[in-house]
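The values are calculated or read from the model by the stated rules, or taken from the named source; none is laboratory data. Just so you know, these numbers come straight off a predicted model, no measurement behind them. In this analysis, Cβ positions are derived from the backbone assuming ideal geometry, glycine residues included, and neighbour counts consider all displayed protein chains. For the accessible areas, the whole protein counts, side chains as well, though only heavy atoms, and no ligand, DNA or RNA atoms are used. Shrake-Rupley method; radii C 1.70, N 1.55, O 1.52, S 1.80 Å.
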Amino acid sequence: MNLCGYYPESINEGEGLRASIFISGCRHRCKGCFSPATWNFNYGEPFTLQRQNEIISEIAGNPLLSGISLLGGDPFFSAAEVGSFLDRLYEQAGEVNTWIYTGYTYEELTADPLAAEYALLRRCHVLVDGRFEETLRDTSLRYCGSSNQRLIDIPASLASGQVVLWQPAITF
């Protein structure tokens, strides 16, 4: 698994101040994607255990963070590896509010409860789902790029058995 970007502090990929971690590799290949270089699974740097430990230490040591965001590429194409990273992060930093971005829909990710993708989903809190649709691009949307994409409260959705949209804690 490769890392194609890391911002220790960002306000663009979720609510509050977040660490943003970009995982290389995506097979969705959405037309109009803002970062097609990240489709390549070999793009960026190897996300070695040492690099993961550095990032975990930075996250655990930053009391200003509201959480982390996982993007790409698409982290669900490396679901087992990303899930292991989250396990180590939560073990060392406590449970961290985690947003995850994907071209998959919630329904696709919950179709097989035995899949690594489902296991990764369960570890996260907010899902930004759906492929970027260039014809539905809307720059006024918060935290997503096209109007078909949803921000989903994962724990509430899994508990209720239906999609529950995320509600912001911070309003403007």
Once phi for every residue in region 118-132 is put through the Karplus expression 6.51 cos²θ - 1.76 cosθ + 1.60 (θ = phi - 60°), the whole-Hz ³J(HN,Hα) values, with Gly and Pro written as x, are 5, 4, 5, 4, 4, 7, 10, 10, 10, 10, 9, 10, x, 5, 5
Once amide H atoms are built 1.01 Å from N in the peptide plane, which residues 5 or more positions from residue 40, or in another chain, come under 5 Å H to H? 25, 26
Obtain the nm distance between the two label points defined at residue 40 and residue 60 by a simple spin-label model: each point lies 7 Å from its Cα along the Cα-to-C-beta direction. 3.4
Putting +1 on Lys and Arg Cβ atoms and -1 on Asp and Glu Cβ atoms, find which of 113, 132, 47 reaches farthest to the positive end of the dipole of region 2-160. 132
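Report the FRET efficiency, 1/(1 + (r/R0)^6), for residue 133 and residue 165, where r is their Cβ-Cβ distance and R0 is 22 Å, rounded to 0.05. Don't skip to the answer; put the middle values down first.
Numbers: r = 18 Å, r/R0 = 0.83.
According to the calculation, E is roughly 0.75.
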Please give the charge dipole size of the chain, origin at the Cα centre, charges +1 on K and R Cβ atoms and -1 on D and E Cβ atoms. Round to the nearest 20 debye. 260
Structure-based [θ]222 nm, the chain - -39500 (n - 2.57) summed over DSSP H runs of at least 4, per residue, nearest 500: -7500 deg cm²/dmol
Separation in nanometres of the label points that stand 7 Å from Cα toward Cβ, at residue 91 and residue 49: 1.0
Once Lys and Arg are counted +1 and Asp and Glu -1 for all other residues with Cβ under 12 Å from that of residue 5, the total becomes -2
Counting only protein heavy atoms and using a 1.4 Å probe, what share of the accessible area of the chain belongs to carbon plus sulfur, as a whole percent? 51
Provide the per-residue ³J(HN,Hα) series for region 9-21, in order, calculated from phi with Karplus coefficients 6.51, -1.76, 1.60 and θ = phi - 60°, each as a whole number of Hz, with x at glycine and proline positions. 9, 8, 10, 9, 10, x, 6, x, 7, 9, 7, 10, 10
Starting from the Cα-Cα distance between residue 140 and residue 115, subtract it from 0.36 nm times their residue separation and give me the gain in nm to one decimal. 5.6 nm
